[in-house]
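Below is one structure, written out as structure tokens; the observations come after it.
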């Protein structure tokens, strides 16, 4: 019997590439997005269901899961991929921006999992894959709110990986680095207009562009997600991308303060008194 995966955020980028990857490998795919009426490629695939799902809306989550089970009989894996970022200094973020990014990047996956876990427990199987980020373990300037959501999702998922083992449920984290998608281009910018940070932002972006030139394709990330879903073990983390591997290797090879000093010198050397 074919296995079935439900993936959130499949309208573009990593989500769409992941839906296509699972479909190519012979899975049934429940491809979810906020506006399925705008989708044309996935809707033409056999053994694929394109359905509305807004991770901020519990009713839409429940309906998507119900429709998927109605069409394919069961769900074997969940990929929580939907998310976005906010660029800008923390001081300039609004309460609304903070609430919405947490509601999408953290509370969204929590809602999805709360809906699917009774089914996974009943069938005594299931794979949960939460797509976090290299930014769930390392940080960069002017992305504090994004990092806060991804660090929280990492901690939440690591805890689930303990408590769901008795039910035969595998819990995984996939950590992409910079990816050649519209993710950055579609990011929100903090809405404050205080010019005091203008120079800092300019320097930070300049140093970011100087050092972080390594990007992965959405297809590379999708391949790693498929591996996590099918390797049938309890491995927790799946870093992917040369930049992810670089920063994690640095962080793990030196003491904590030396790592912090390394990152400061890499991204904000203009403000250090060396």
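In the stretch 222-266, if every C-alpha pair distance is counted and binned at 10 Å from zero, what percent goes to each bin?
Reading the bins upward from 0: 23, 37, 25, 15, 0.
What are the extents of the Cα atoms of the stretch 13-120 along their three principal axes, listed from largest to smallest and rounded to whole Å?
Computed over the stretch 13-120, the largest-to-smallest principal extents equal 48, 30, 23 Å.
With N set to the number of residues, divide the alpha-carbon radius of gyration of the stretch 44-87 by 2.2 N^0.38 Å and report two decimals.
1.34
D for the chain, whole µm²/s, Stokes-Einstein with Kirkwood Rh over alpha-carbon pairs at 25 °C and 0.890 mPa s: what number?
In µm²/s, the coefficient rounds to 126.
Would you mind computing Rg(Cα) / (2.2 N^0.38 Å) for the stretch 42-196, counting N as its residues?
It is 1.14.
Expressed in whole Å with the largest first, what are the equivalent ellipsoid semi-axes of the stretch 63-131 derived from the C-alpha gyration tensor as the square root of 5 times each eigenvalue?
Equivalent ellipsoid of the stretch 63-131: 32, 11, 10 Å, largest first.
So what's the angle, to the nearest 10 degrees on a 0 to 90 scale, between helix 218-230 and the longest Cα principal axis of the chain?
Between helix and principal axis, roughly 50 degrees.
Taking the stretch 89-174 on its own, what percent of its Cα-Cα pair distances exceed 18 Å?
Here the tail beyond 18 Å accounts for 47 percent of pairs.
Would you kindly calculate the translational diffusion coefficient of the stretch 198-238, applying Stokes-Einstein with the Kirkwood radius from alpha carbon pairs, for 4 °C and a viscosity of 1.567 mPa s, and quote it in µm² s⁻¹ without decimals?
Stokes-Einstein gives a translational diffusion coefficient of 99 µm²/s.
We did not get these values from a lab; they are worked out from the coordinates using the rules stated. The structure displayed is predicted, hence computed values, not measured ones.
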